[in-house]
1. Please go through (1) more than 12 Å from every other protein chain (Cβ to nearest Cβ); (2) surrounded by fewer than 20 Cβ atoms within 10 Å (Cβ to Cβ); (3) farther than 21 Å from A:Ile114 by Cα for A:Ile198 and return the number of the only condition it doesn't satisfy.
2. Could you tell me whether the range B:311-322 includes any residue that is acidic (Asp, Glu), in a helix (DSSP H, G or I) and in the same structural domain as B:Glu34 (by the TED database)?
3. Answer yes or no as to whether A:Leu52 is more than 10 Å from chain B (Cβ to nearest Cβ), surrounded by 22 or more Cβ atoms within 10 Å (Cβ to Cβ) and part of a helix (DSSP H, G or I).
4. Quick test of your reading of the structure: A:Arg283 fulfils all but one of (1) under 22 Å from A:Val54 (Cα atoms); (2) more than 8 Å from chain B (Cβ to nearest Cβ); (3) surrounded by 22 or more Cβ atoms within 10 Å (Cβ to Cβ). Name the failing condition by number.
5. Out of B:Ala235, B:Ala248, which single residue is surrounded by fewer than 24 Cβ atoms within 10 Å (Cβ to Cβ), in contact with a helix residue (DSSP H, G or I) (Cβ under 8 Å, 6 or more places away or on another chain) and of a type in the set (A, V, I, L, M, F, W, C)?
6. Regarding A:Glu24, is this residue more than 8 Å from chain B (Cβ to nearest Cβ), free of Cβ contacts under 8 Å to residues at least 12 places away in the same chain and within 25 Å of the chain's Cα centre (by Cα)?
7. Among the residues of the range B:110-161, which ones are surrounded by fewer than 20 Cβ atoms within 10 Å (Cβ to Cβ), assigned to a loop (DSSP other than H, G, I, E, B) and within 14 Å of another protein chain (Cβ to nearest Cβ)?
8. Which condition does A:Ile183 not pass, out of (1) within 14 Å of chain B (Cβ to nearest Cβ); (2) assigned to a loop (DSSP other than H, G, I, E, B); (3) touching a Leu at 6+ places or on another chain (Cβ under 8 Å), if it passes all the others?
There are 2 protein chains.
Amino acid sequence: MSPVIRPKPSIERMKEYVAGRNIEEVARSYGIDERDVIKLASNENCLGPSPLAVSAIKKAASSIHLYPSVDGVELREALAAHYDVPVGNIVTGPGMDGVMETLLRVFLDKGDEIVIPLPTFSYYENVAGFSSAVPVFSTRRPDYGLDIEDILSKVSERTKFIFITSPNNPTGNVTPVEDIERIASAVDCLVFVDEAYIDFADRTALGLVRKYDNVIVGRTMSKAWGLAGLRIGFAFVPEWVLGQYMKAATPHSISRVSIAAAIGALGDKEYYEKSVETVRKGRKYLAGNIPFRTLPSEANFILMDVSPLKSKYVADECMKRGIILRDCTSFRGMGDTFVRVTVGTPAQNKRLVEALKDIRGGA
Amino acid sequence: MSPVIRPKPSIERMKEYVAGRNIEEVARSYGIDERDVIKLASNENCLGPSPLAVSAIKKAASSIHLYPSVDGVELREALAAHYDVPVGNIVTGPGMDGVMETLLRVFLDKGDEIVIPLPTFSYYENVAGFSSAVPVFSTRRPDYGLDIEDILSKVSERTKFIFITSPNNPTGNVTPVEDIERIASAVDCLVFVDEAYIDFADRTALGLVRKYDNVIVGRTMSKAWGLAGLRIGFAFVPEWVLGQYMKAATPHSISRVSIAAAIGALGDKEYYEKSVETVRKGRKYLAGNIPFRTLPSEANFILMDVSPLKSKYVADECMKRGIILRDCTSFRGMGDTFVRVTVGTPAQNKRLVEALKDIRGGA
């Protein structure tokens, strides 16, 4: 550590992010050909990129020496047309993480609170720490539905946000819109509904953004749109939030190439529909064939409970067989027997099922 | 405003960012063909993109469905090789703005202070506001050099950063390394040297990063490397800063395409040298031919004092003639007679000089 100043306490306490292993590393470690390693760990799109996104990128390459628009307005307009929502209700940012960071820094000051129902995506508490705000946890019910009474009991005068992930990561279940509405109508703080995986589900909370002035719905183009590598997030916000968001947003935060690719992808209906269809079919196959208990999922992943085995053991054994999965031990409150698997192509899903059967038989 | 919660005071006080006008808008407003409008307002690279960056982008387009690395490690390694600096002293982020946001949120808590010598780039104070920290201003000397005694007198126990922009934006002058060293050795806080424009100058403070554990040197690939559209910033940091930076950095924050293009551009020595050479020659031409007082510049722009005319008048008159410049009235402490012009191609520079002569003659 330095002899000079120290990080603020909320950062000093934070653990360094440990990334999962990538294809190159796994291939090297186990002497497997890179082409034989499959990654079902990060919920990426197994179809590869949208052809329309790729051609938009090639076209945009000639203007990379020029700054992108300050606020991604071309993308906001394309999203407005696609979702039939006024452009004044749409904000964009570099990934859903970027959108959340901007939103939280508008409202969160030192000592403020955010309520997080566990288990869930862990980045919310990091972002709270950036403002020296405090995460307050609620525990989901045994079926991973929200415990609404508990959430409401955790809301104080310092609460600025409640985070509801739907479909939830890593459990895969959707929160009924009525539950979100019950919460939104009972509180004065903002309710952020993280719908990163909503494209694979049947129900969205989008309608609540018009009905309540404290509901924000976050989205990403990293999943069904296949653009994880380009960092494109957006959110549907009440109109009064827009101007405040713009003040706290990093200018020009989405690259020119990403904006072009996103607009290209939005026009690729065929790709989007194939993505969703592939996930729905693959999810059904995996749920029916994985030799462990799986949870009902409306996302592009499935959570399996590998007990009596341990998640680390199963993930390691899969890795030896060239399949990278996500051991969920690091999710707060998730225990040590859950593994999350991304829905892949039919061939990848089949290989996964065979590997799991082999591991289960050999343990 | 909402009937629910309010933004925190530092954001509520902030003004909304007003972007300069772009080529399309100016063409439309004044009935000029878009191809005849030139933008010398944002210090972009007049050569267009590096061919090696463009081909790297086209190659990377096939993997946009996969997340980029968590910390841009491939780019950090390429920068380490290029600058012959250990990779443990390099951090990357989405633009220099993104790098600064991450650094400041590591250290700045509500009520902390940063010292900013004026006039200069205005985003520093916005970023301070994101953490409810307070900007404390020092005034540069009449030649825009630092007033070291004044800066040191503004440093308190709450000061976490001193910002030194070199070459300074919008004045163009470099701060002597000895001045930075005098400050760094006298304080316990961090000294952030913003070297966005250093590629066009003769002297860098990079050597101080090894010598002092409180000096950080920020860089961007938006200028000499011609990648403004892709958001790529980096900084040379003392080794103890790296781990803290990683904790506060947004994961996967630089897009796959941007990382690939940046590595491609770093290999394009010819492009880089031509960029610098074009700016050096154009700067000399502009300084010798602009019919107003110009300030000595080591950047890819020149500041001119158009008094007794007003900056807004001159910028508006140029815009009518299809040339977009930067009226500097919005720079705190800059007054209302300064206009910043980006060094362009020889043809663009010539057209600018003729327009300015015309405006000066007609006023």
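1. Status for A:Ile198: all satisfied but (2).
2. Initial filter on the range B:311-322 (acidic (Asp, Glu)): B:316-317.
Adding the requirement that they be in a helix (DSSP H, G or I) leaves B:316-317.
So of that shortlist, the ones also in the same structural domain as B:Glu34 (by the TED database) come out as B:316-317.
Taking every residue of the range B:311-322 in turn, at least one turns out to be acidic (Asp, Glu), in a helix (DSSP H, G or I) and in the same structural domain as B:Glu34 (by the TED database).
3. Numbers: more than 10 Å from chain B (Cβ to nearest Cβ): yes; surrounded by 22 or more Cβ atoms within 10 Å (Cβ to Cβ): no; part of a helix (DSSP H, G or I): yes.
Answer is no for this residue.
4. (1)
5. Working: B:Ala235 fails: surrounded by fewer than 24 Cβ atoms within 10 Å (Cβ to Cβ).
From the options B:Ala235, B:Ala248, the qualifying one is B:Ala248.
6. The answer is yes for A:Glu24.
7. B:Lys110, B:Gly111, B:Phe121, B:Ser122, B:Val155, B:Ser156, B:Glu157, B:Arg158
8. Going through (1) within 14 Å of chain B (Cβ to nearest Cβ); (2) assigned to a loop (DSSP other than H, G, I, E, B); (3) touching a Leu at 6+ places or on another chain (Cβ under 8 Å) one by one, A:Ile183 breaks only (2).
The values are calculated or read from the model by the stated rules, or taken from the named source; none is laboratory data. Owing to the predicted nature of the structure, the values given are computational and were not obtained by experimental measurement. Methodologically, a virtual Cβ is constructed for each residue, glycine included, from the backbone with ideal geometry; neighbour enumeration extends over all protein chains shown.
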